[in-house]
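These notes concern the structure reproduced below.
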2 protein chains.
Amino acid sequence: MTSESPSIVDVAKKAGVSVATASRVMSGSTYPVSEGTREKVLLAARELRYVPNSLARSLKAQRSKLIAVLVGDNADPYFAQVARGVEEVANSHGYLTIICNTERDPIRELSYLQTLQDYRADGIIFTGSGSDETSVPEQLEIDDMIEKIQRRGAAIVMLSPHNLQAPSIQPDNLGGAYELTRYLLELGHTRIAFVTGPANVTVANQRLQGYRQALTDSGITPDDTLLFPGNFAQAGGERAAAMLDQLPREKRPSAVFACNDETAFGLMYGLHQHGWRLPEDISICGFGNLPMARMVTPALTTANISLRELGRAGAQKILALLQHQDTTVQETFPTTIVKRASTIPFAHTTSDMDNK
Amino acid sequence: MTSESPSIVDVAKKAGVSVATASRVMSGSTYPVSEGTREKVLLAARELRYVPNSLARSLKAQRSKLIAVLVGDNADPYFAQVARGVEEVANSHGYLTIICNTERDPIRELSYLQTLQDYRADGIIFTGSGSDETSVPEQLEIDDMIEKIQRRGAAIVMLSPHNLQAPSIQPDNLGGAYELTRYLLELGHTRIAFVTGPANVTVANQRLQGYRQALTDSGITPDDTLLFPGNFAQAGGERAAAMLDQLPREKRPSAVFACNDETAFGLMYGLHQHGWRLPEDISICGFGNLPMARMVTPALTTANISLRELGRAGAQKILALLQHQDTTVQETFPTTIVKRASTIPFAHTTSDMDNK
DNA sequence: TTGTAAGCGTTATCAG
DNA sequence: CTGATAACGCTTACAA
């Protein structure tokens, strides 16, 4: 009963060659090996059901063939899509994908970075952490850690705005938000509310900025009483709905820009609960174009980010960096707005809200 | 410019002790080390910013502290939730989580198993593969591989029905489907359609079986013309909607059991497109209780599976198995039905469908 | 073209 | 309590 996995030594022995030769065959080295011995080794390996030990190989080679993706929460559809893209590319190049949930907590983030350093991960992809907060003490350690990881030769890529020293591919949050707001303005809306993301999260602030810019460019002064706090989750949208419902009628906006789709879903649900009719009573748009965006009622107007593609691009950049074949440092990833039923012209919006 | 990570040898040197001693301190061994030397080592390690190499450690220890989770698609909310649970437990015990998308393709599954064997993954969690198909040639190789992995000492846990030799924790699909169908019957529905999952997927068939059983127990003969092919995705639901819409009025069911929530979403969307009013024209239920189930209009009646908890349980079982502290082989995970607005009494269903 | 042997960074065994 | 040394399984100079 041989429960032990055979090693390359066993293969060599069985094939009647040296370990070096066996290794050269098994590792797909370019080193010349005669056809005859090659066959012998291959045969022995097959018979022993030899499986190379990646751990040993990695230890020797100083590269693990592991790529990690740091996300806030892998069950959040946004991150899930990105991770999917990463995994696709990683897998097709013989890399394994490690998933790390940080919950946007610098402590967890740091802890994971530490572990990934221990494992000598070859690549690390950040997405959706990106805090504006420089005051948090862990941020310094994170910066430190990142530099250390890079010095080791590992590649780091950011898929969201980050004030860290690393190559990045960033969705055009500002542009998308600007376009989306312009679209609402074109529909005739002027009182447009905004449900924010978590405090200090850069992506959220970029979208806010795009919204503000579009208003200003149209000669409208952004009204901070139309800003509602959200958290990128459904709950935040629901809370915003409750607040909107409390607003005296004349203070109500005719449209709301939710900082991401998840928030928009919560907002729509909440307004529904409060008896609002959508989109007649209010127009709503989100950001991200999650798969559910077209399925909700009414279908959600939003900005599309090809998340899976973003993930793929991120992984590809990692691979390029590992081969020192990438010089560009900052790339922008396009966003395009998707017009659906949740936004209608202001003229068609119910001005008389007695129904509510 | 020392770009090389310091090793334990460097720490030992700096602390003026042997590598053995340094290792004993750093690895948290129970081996006695005098307080003084311990301090010295710790200090040296800190000054050098020493990071233990997990690869080397794993190679030596013959365990990698890697747990893999095999899913159909990590962006599918069902799998995403499970993976989240796995990651939580894994991380809190110092394990990394590897995500593997199999797309329910035996070839990809096999390829991943191979790689995981190469990496000496300590635990592998299967979820949502589970084909009834024994005829596919890869299945034999997969069985083989699994046995080999287990012989190596790695733990394997299935979170969905599977005809493989491994411990499992299975959601009560049959019971949940039975209860859900009974509920529809209690509401007075008798013509209840069923949208299936992908062919040969065991979970889907279990749900179908529960549905059939409930009908039979109520003296109703299951009518195969009310079976519509689905694929666990929105698209399948949309196709079923189109087919329902084609049905002559008198042949239409008054309720539909969609094999999972995703399918139900597609179905609802499709019916909407075709001008059906929900739930007045037809009652719908899903299975799984995804986060979006309560957000769609009307809110979806479904069977709840605590997916994150399921993932946690799976990871915990892996850990227990690795310590040979688990004897139970088959566990069932409860499902509970959640009644929402998408299902109404048959009496309230529009019999006159002129509106359509 | 093949083989020998050193070494990747740890930990465990065995002597002191 | 501490230290030298042999593994773990693999790759790669360097020799032959």
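The values are calculated or read from the model by the stated rules, or taken from the named source; none is laboratory data. This one's a predicted model, so the numbers in the text were calculated from it and none came from an experiment. Cβ sites come from the backbone with ideal geometry, for glycine too, and all protein chains shown count toward neighbours. Just the protein is used for accessible areas: all its heavy atoms, side chains included, with ligands, DNA and RNA removed. Shrake-Rupley method; radii C 1.70, N 1.55, O 1.52, S 1.80 Å.
From the label point of residue A:275, set 7 Å from Cα along Cα→Cβ, how far away are the matching label points in the other copies, in nm, ordered shortest to longest?
Result, one decimal in nm: 3.1.
Over the whole of B:231-240, what's the average partner chain Cβ count within 10 Å per residue? Rounded to a whole number, please.
The mean count of partner-chain Cβ atoms within 10 Å per residue comes to 1.
Taking each residue in A:82-91, count the Cβ atoms of any other chain within 10 Å of its Cβ, then average. What number comes out?
3
For residue B:243, which inter-copy label distances result when the label point lies 7 Å beyond Cα on the Cα-to-Cβ vector, reported in nm to one decimal and in ascending order?
Distances to the matching label points in the other copies: 4.7 nm.
What is the stretch B:1-121's relative contact order, in percent, from Cα pairs under 8 angstrom and six or more apart in sequence?
22
Can you give the Rg and Dmax of the protein assembly as shown based on its C-alpha atoms, in angstrom?
My reading of the Cα-based Rg and Dmax gives 28.3, 91 Å.
Name the most mobile residue of A:168, A:27, A:342, meaning the one with the largest mean-square fluctuation, in a Gaussian network model of chain A with Cα contacts below 10 Å.
A:27
Could you work out the mean projected area of the convex hull around the alpha carbons of the stretch A:204-339, in square nanometres to one decimal?
The Cα convex hull of the stretch A:204-339, projected and averaged over all directions, gives 9.8 nm².
When the helices in chain A are scored as -39500 (n - 2.57) per DSSP H run of 4 or longer and the sum is shared across all residues, what 222 nm value do you end up with, to the nearest 500 deg cm²/dmol?
That calculation yields -13500 deg cm²/dmol at 222 nm.
Taking springs between alpha-carbon atoms closer than 10 angstrom, which of B:48, B:227, B:307 fluctuates most in the Gaussian network model of chain B?
B:48
Could the peptides B:28-34, B:312-318 be put in order, highest first, of the mean number of other beta-carbon atoms found within 10 Å of their residues?
So the order, starting with the most tightly packed, is B:312-318, B:28-34.
To the nearest whole number, what is the average tally of beta carbon atoms from other chains within 10 Å of the beta carbons of peptide B:146-155?
2
Would you work out the relative contact order for chain A, in percent, from Cα pairs under 8 angstrom that are 6 or more residues apart?
Relative CO of chain A lands at 16 percent.
In Å², and per residue, what accessible area does chain A have when probed at 1.4 Å with the other protein chains present?
About 41 Å² of surface per residue is accessible.
Would the stretch B:267-356 count as rounded, prolate or oblate if I go by the C-alpha gyration tensor, calling it rounded below 1.5 in a/c and otherwise prolate when a/b exceeds b/c, oblate otherwise?
The shape class here is prolate.
With both bridge residues required to lie in chain A, what share of the DSSP beta bridges run antiparallel, to the nearest 5%?
10
Compute accessible area for the stretch B:59-74 by itself and then with all protein chains, 1.4 Å probe, and report residues whose area falls by 50 Å² or more.
Output list: B:59, B:74.
How large is the charge dipole for chain A, taken about the Cα centre, if only the Cβ atoms of Lys, Arg (+1) and Asp, Glu (-1) carry charge, to the nearest 20 debye?
1380
Based on C-alpha coordinates, I'd like the Rg and Dmax of chain B, in Å.
Using the Cα atoms of chain B, the pair Rg, Dmax is 26.2, 91 Å.
Taking all protein chains together and a probe of 1.4 Å, list A:339, B:148 from the most accessible to the least accessible.
Result of the area sort, largest leading: A:339, B:148.
Let me check against my output: what whole-number percent is the relative contact order of the stretch B:140-259, with C-alpha pairs under 8 Å and at least 6 apart?
Result for the stretch B:140-259 is 27 percent.
Considering the Cα trace of the stretch B:84-162, what is its radius of gyration and what is Dmax, both in angstroms?
Computed over the Cα atoms of the stretch B:84-162, radius of gyration and Dmax are 12.6, 40 Å.
Among the lysines, which fall within straight-line cross-link reach of residue A:60, defined as a Cα-Cα distance under 26 Å, with same-chain neighbours fewer than 8 residues apart omitted?
Within the straight-line cut-off, residue A:60 pairs with A:13, A:14, A:40, A:148, A:317, B:13, B:14, B:60, B:65, B:148.
Give, as ranges by residue number, the residues of the stretch B:160-174 whose backbone N falls under 14 Å from the point 7 Å along Cα→Cβ of residue B:143.
Those under the cut-off are B:162-166.
Restricting to the protein assembly as shown, what percent of DSSP beta bridges are antiparallel, rounded to 5?
Counting only bridges with both partners in the protein assembly as shown, antiparallel ones make up about 15 percent.
Which distances, shortest first and in nm, link residue B:35 to the matching position in the other copies, using label points set 7 Å out along Cα to C-beta?
With the label placed 7 Å along Cα→Cβ, residue B:35 yields 7.3 nm.
Top mean-square fluctuation among A:234, A:150, A:325, Gaussian network model of chain A, C-alpha springs under 10 Å?
A:325
Out of the total accessible area of the stretch B:74-131 (probe 1.4 Å, heavy atoms of protein only), what percent is carbon and sulfur?
Roughly 49 percent, rounded to a whole number.
Can you send over the solvent-accessible area of residue A:191, 1.4 Å probe, protein chains only, in Å² to the nearest 10?
The accessible area comes out at roughly 80 Å².
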